[in-house]
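Asks: I'd like to ask you about the structure that follows.
The values are calculated or read from the model by the stated rules, or taken from the named source; none is laboratory data. All figures in this text were calculated on a predicted structure; none of them were measured in a lab. Here the Cβ positions follow ideal geometry from the backbone for every residue, glycine too, while neighbour counts run over all protein chains shown. Side chains included, ligands, DNA and RNA excluded: accessible areas come from the protein's heavy atoms. Shrake-Rupley method; radii C 1.70, N 1.55, O 1.52, S 1.80 Å.
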Amino acid sequence: MNIVRIGKYQLENNVIVAPMAGITDRPFRQLCRRLGAGLAVSEMLSSNPRVWKTEKSMNRMDHSGESGIRAVQIAGADPELMAQAAQFNVANGAQIIDINMGCPAKKVNKKLAGSALLQFPELVEEIIDAVVNAVDIPVTLKIRTGWDPDNRNGVEIARIAERYGIASLAVHGRTRACMYKGDAEYATIRDIKRSVSIPVVANGDITSPEKAKQVLDYTGADAIMIGRAAQGRPWIFREIDHYLRTGEHMQPPAIAEVRSILMEHLTNLHMFYGEPMGARIARKHVSWYLQTHDSDGQFRRVFNALDNPQAQVVALEQYFKTLAAN
């Protein structure tokens, strides 16, 4: 298994948590790291300095007590503002800066940020150059394979990235136009890996240990990045890492461990966000954890009506007691 280095940092393994807006907050990153992720990248932060002092941004920038390498993703389209955002986050404790050129969301793209930038290689050059020169820590980049299926310019962008000093490149196997529809394609990732010498991280539709190995073998990528498959299943990181190292499957977590992980996550969300925000944010996570157990969604409907942290804890304890009794 490859040992992945990003600048001076060596990852513990080659399974990485993808940055996801509204999801990869500090409680989630910490949990994924404890359950086997080699690196967890924070949610994207806007390069617009006017929003840095908002509660949302302050939460996203909170790395206090965080274990492992602190990687922070920034998004924007103005090279100067991106450079300032990088410096601001380094002053705030970031050890790796990640540039977002992969997000397909309309509200990000209409500001010409995220994957919209893939249409403008000259601007990509300017942004990377500005950010890399603004900080003395490694800068990584996340992209998609291109703008749309007729314009898969991932190889061109990857070469620019390498030329201007990007330390590692993550590639989601879809174009901007594909959003999250259809299946990810890995041929472009393989082409990118063959065209640059920096570490390449494959991302998109990696939902099981076998798929992780298949994608690594096919693309030749140095690492894989897991996003949506970790929602409600943060132990996927240790399962994949174990399989890649040994070729054997780990036992899935027993219901008692699922309960313990979920309760830990819930408590940390309540503490991190306070009331009433913690309880609101917990709803989507609990919903993901219980998808397989609460198949008719009956409990989730009840849980989603609760806006008090203590009531949420009591309801979940009761739910798991009933589950264990059946």
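Asks: With buried (at least 21 other Cβ atoms within 10 Å of the Cβ) and either assigned by the TED database to the domain that holds LYS8 or at pLDDT 95 or above (or both) as the only criterion, which of ALA130, ALA134, ALA86 stands out?
Replies: The unique qualifying residue is ALA86.
Asks: With the condition kept exactly as written, say whether any residue in the range 136-156 is touching a residue at least 40 places away in the same chain (Cβ under 8 Å), of a type outside the set (Val, Ile, Thr), at positive phi and assigned to a loop (DSSP other than H, G, I, E, B).
Replies: The answer is yes, given that some residue of the range 136-156 is touching a residue at least 40 places away in the same chain (Cβ under 8 Å), of a type outside the set (Val, Ile, Thr), at positive phi and assigned to a loop (DSSP other than H, G, I, E, B).
Asks: Could we say that THR175 is outside any loop (DSSP other than H, G, I, E, B), open to solvent by less than 30 Å² (accessible area, probe 1.4 Å) and farther than 18 Å from VAL72 by Cα here?
Replies: No; evaluated as a whole, the condition is false for this residue.
Asks: If you don't mind, another one. Go through (1) touching a Leu at 6+ places or on another chain (Cβ under 6 Å); (2) more than 23 Å from GLY173 (Cα to Cα); (3) modelled with pLDDT of 90 or more and name the single condition PRO79 misses.
Replies: (1) is the only condition that PRO79 fails.
Asks: How about the range 281-316: which of its residues are outside any loop (DSSP other than H, G, I, E, B), open to solvent by 60 Å² or more (accessible area, probe 1.4 Å) and farther than 21 Å from CYS32 by Cα?
Replies: Scanning the range 281-316 gives GLN298, ARG301, VAL302, ASN304, GLN310, VAL314.
Asks: Which condition from (1) within 29 Å of HIS285 (Cβ to Cβ); (2) out of contact with any Leu (no Cβ under 7 Å at 6 or more places or on another chain); (3) buried (at least 18 other Cβ atoms within 10 Å of the Cβ) is the one that ALA212 breaks?
Replies: Status for ALA212: all satisfied but (2).
Asks: To continue, here is another question. So which residues in the range 217-236 are under 22 Å from THR175 (Cβ atoms), outside any loop (DSSP other than H, G, I, E, B) and in contact with a strand residue (DSSP E or B) (Cβ under 8 Å, 6 or more places away or on another chain), if there are any at all?
Replies: Passing the criteria: THR219, ALA223, ILE224, MET225, ILE226.
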